[in-house]
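The values are calculated or read from the model by the stated rules, or taken from the named source; none is laboratory data. Computed from a predicted structure; not experimentally measured. Every residue, glycine among them, receives a Cβ derived from its backbone with ideal geometry; neighbour counts consider all protein chains shown. Protein only, heavy atoms only, side chains kept; ligands, DNA and RNA dropped before computing areas. Shrake-Rupley method; radii C 1.70, N 1.55, O 1.52, S 1.80 Å.
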Amino acid sequence: MTNGFLRTKRLLFCRWEAGDLLEAEALWGDPLVTRWITATGRMTVEEVADRLAQEVERDKQFGIQYWPLRELSTGELAGCCGLRPHGEGELELGVHLRPAFWGRGLGEEACRAALWYAFVKWDIPSVFAGHNPHNTASPKLLEKLGFSPIGEEFYPPTGLYHPSYRLQRGDFFCPEIPVYLD
């Protein structure tokens with residue numbers, strides 16, 4: 001994992017690299033994390049390696065990924081949060097946290113920083129988000145962030161239609177501006 005490029009009050013955003021398989025397994029190898037993002041609820045070591053390779057390639061191709069997050073106070077991998085292309089001129093927001101970091105507001109903090117990056121650094125007019133229909137925490141987070149429901153979209157990795165949302169740049173609020181380190 002390369003040095004951080006974006007910092008919030010409690011988190012450091014880094015970049016995945018090909019050699020980060022052990023840390024990727026600590027995140028996407030945990031069925032408590034993947035139960036909402038795959039049809040089986042689990043990812044094999046090979047699937048984790050494929051996911052890591054996709055994130056590394058996305059960074060090379062577009063300069064974005066679901067960036068790994070380090071807790072500033074411990075240096076521990078808290079999860080990932082970031083962006084990926086979604087449709088013409090739009091990015092999709094996603095966040096996956098390890099269970100030890102749930103319930104502390106880190107997801108909201110990370111998402112606000114990623115949204116700031118999309119709207120300020122990339123000048124994107126809107127950001128898309130979706131979530132597994134069985135996940136009851138994600139709609140609450142998206143509402144806090146200011147997203148509006150727009151319908152449902154089929155998500156092939158789960159085989160389900162996921163509730164979908166959009167946030168317009170003009171509706172975005174970031175109470176604490178992250179520190180851009182690059």
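State the percentage of accessible surface on the chain attributable to carbon and sulfur atoms; use a 1.4 Å probe and exclude ligands, DNA and RNA. Could the numbers behind the result be given before it?
Numbers: 4670 of 8890 Å².
C and S atoms contribute 53 percent here.
Kindly write out, for region 3-17 in residue order, the coupling ³J(HN,Hα) from the Karplus curve 6.51 cos²θ - 1.76 cosθ + 1.60 (θ = phi - 60°), rounded to whole Hz, with x marking Gly and Pro.
Each residue's phi maps through the Karplus curve to give 4, x, 10, 8, 10, 10, 4, 10, 10, 10, 7, 10, 10, 5, 10 Hz.
Take the alpha carbon atoms of region 113-182, find their center, do the same for region 25-57, and report the distance between the two centers in whole angstrom.
21
Kindly write out, for region 95-101 in residue order, the coupling ³J(HN,Hα) from the Karplus curve 6.51 cos²θ - 1.76 cosθ + 1.60 (θ = phi - 60°), rounded to whole Hz, with x marking Gly and Pro.
Those phi angles translate into 8, 9, 10, 6, x, 4, 10 Hz.
Rounded, prolate or oblate: pick one for region 91-182, where a ≥ b ≥ c are the square roots of the eigenvalues of its C-alpha gyration tensor, a/c under 1.5 means rounded, and failing that, prolate if a/b is larger than b/c, else oblate.
It comes out oblate by the Cα gyration axes.
Near the amide H of GLU92, under 5 Å away, which other amide H atoms are found, from residues 5 or more places off or on another chain, if H is placed in the peptide plane?
Those qualifying (amide H under 5 Å, at least 5 residues apart or on another chain) are ARG84, HIS86, PHE128.
Within 10 Å of each candidate Cβ there may be at most 12 other Cβ atoms; applying that plus a DSSP loop requirement, which trypsin sites (Lys or Arg not before Pro) in region 4-107 survive? Provide the component values of the computation, followed by the final result.
Values: sites: ARG7, LYS9, ARG10, ARG15, ARG35, ARG42, ARG51, ARG58, LYS60, ARG70, ARG104; in loops: LYS9, ARG10, ARG15, ARG35, ARG42, ARG104.
Answer in residue order: LYS9.
May I ask for the net charge around SER148, where only other residues with Cβ less than 11 Å from the Cβ of SER148 are counted and Lys, Arg are +1 while Asp, Glu are -1?
-1
Please report, in debye to the nearest 20, how large the charge dipole of the chain is about its Cα centre when each Lys and Arg carries +1 at its beta carbon and each Asp and Glu carries -1 there.
The dipole magnitude comes to about 500 debye.
Taking square-rooted eigenvalues a ≥ b ≥ c of the alpha carbon gyration tensor, is region 12-112 rounded, prolate or oblate, where a/c under 1.5 means rounded and, failing that, a/b exceeding b/c means prolate? Don't jump to the answer; show the numbers that get you there.
Values: a/c = 1.31, a/b = 1.10, b/c = 1.20.
Rounded shape, in that the Cα axes give a/c under 1.5.
Quick check for you: with a 1.4 Å probe and neighbouring chains kept, what is the accessible area per residue of the chain, in Å²?
Details: 8890 Å² over 182 residues.
Computed with neighbouring chains in place, this is 49 Å² per residue.
So who's got an amide H within less than 5 Å of the one on GLY79, skipping anything under 5 residues away but keeping other chains? H placed 1.01 Å off N, in plane.
For GLY79, the qualifying residues are LEU69, ARG98.
Only helical DSSP H runs with n ≥ 4 go in: add -39500 (n - 2.57) per run for the chain, normalise by residue count and round the 222 nm mean residue ellipticity to 500 deg cm²/dmol.
-8000 deg cm²/dmol
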